[in-house]
Amino acid sequence: MRLEGQVAIVTGGASGFGRGIAQVFAREGARVIVADVNGEAAISVAQEIGGGAIGVTADVTRKPDVEAMVATAVDTCGGLDILVNNAGFTHKNQSLLTVSEDDFDRIYAVNVKAIYLTTLAAVPVMEKRGGGVIINTASTAGLRPRPGLTWYNGSKGAAITLTRSMAVELAPRKIRVNAINPVIGETGMLEDFMGLSDTPENRAKFIAGIPLGRMSKPEDIANAALFLAEPSSNFITGLAIEVDGGRCI
């Protein structure tokens with residue numbers, strides 16, 4: 001049990017990468033708070049993974065929701081050791097000139113502002129435990145941006161920069177901060193990222209740019225998150241690890 005006795009929050013935990021992370025963390029002994037704007041789905045995932053997992057409704061762009069989410073970890077589990085900022089939003093692959101202002105605002109609220117809000121709520125709680133771990137789900141889009149996802153790319157570039165700056169500033173508090181940069185993956189947002197229907201032919205166009213010959217899967221991201229969360233990585237901070245099958249080489 002690599003996370004025995006740890007308490008973790010996973011945002012966007014009801015589906016995709018977040019669900020995979022929650023499952024692996026619970027399997028490795030963590031008590032997991034599965035947080036998602038879809039509260040019913042979060043509760044369902046929590047029941048599925050067991051291990052005392054708790055599902056909560058949380059819009060990570062709203063301060064009261066974030067504070068309540070962290071309070072749940074404290075009130076029911078006694079504190080918080082691991083925070084995974086996984087909730088994400090994107091615009092459909094398209095010209096940068098046609099993305100709506102509402103979509104732009106939502107992208108930066110979910111992908112950037114949420115990191116700010118969760119940090120404010122989680123850091124004081126982690127300090128009481130003697131330290132902690134924050135993991136931000138960023139993207140290869142923040143390192144090697146491509147046309148069609150410009151505003152999303154920028155939000156993930158911000159997440160990477162925030163991760164590195166947070167790592168330095170929070171190090172004296174014994175809080176490690178790292179990021180994961182997944183390549184395009186088999187999640188519910190796949191068609192938005194592609195800007196095309198999810199067909200074998202269209203997948204092949206994207207897989208052609210990934211040396212290992214496939215898209216990422218939730219278990220790939222979950223295994224990276226487990227490594228960054230477990231005690232054996234206690235000297236690693238400020239890292240943005242590419243889980244991309246060689247995409248960024």
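The values are calculated or read from the model by the stated rules, or taken from the named source; none is laboratory data. These numbers were taken from a predicted model, which means no experiment stands behind them. Positions of Cβ are generated from backbone atoms using ideal geometry, with glycine treated the same way; all protein chains shown enter the neighbour counts.
Scanning region 6-37 for residues that are in contact with a strand residue (DSSP E or B) (Cβ under 8 Å, 6 or more places away or on another chain) and either assigned to a loop (DSSP other than H, G, I, E, B) or at pLDDT below 95 (or both) turns up Q6, G12, G13, A14, S15, A30, V37. For region 45-135, the helices (runs of 4 or more DSSP H) that sit wholly inside it and include 3 or more residues that are buried (at least 18 other Cβ atoms within 10 Å of the Cβ) and either in contact with a helix residue (DSSP H, G or I) (Cβ under 9 Å, 6 or more places away or on another chain) or at pLDDT 95 or above (or both) are 63-77, 114-128.
Within the option set T57, T11, T72, T76, being of a type in the set (S, T, N, Q) and in contact with a Lys or Arg (Cβ under 9 Å, 6 or more places away or on another chain) holds for one residue only, T76. Among the residues of region 19-29, at least one is under 14 Å from the mean Cα position of the chain (by Cα) and of a type in the set (K, R). Restricted to region 190-212, and to residues there that are of a type in the set (A, V, I, L, M) and surrounded by 14 or more Cβ atoms within 10 Å (Cβ to Cβ), the residue that is modelled with the highest pLDDT is I210.
Can we say I184 is out of contact with any Gly (no Cβ under 8 Å at 6 or more places or on another chain) and modelled with pLDDT under 95? Yes: the conditions hold for I184.
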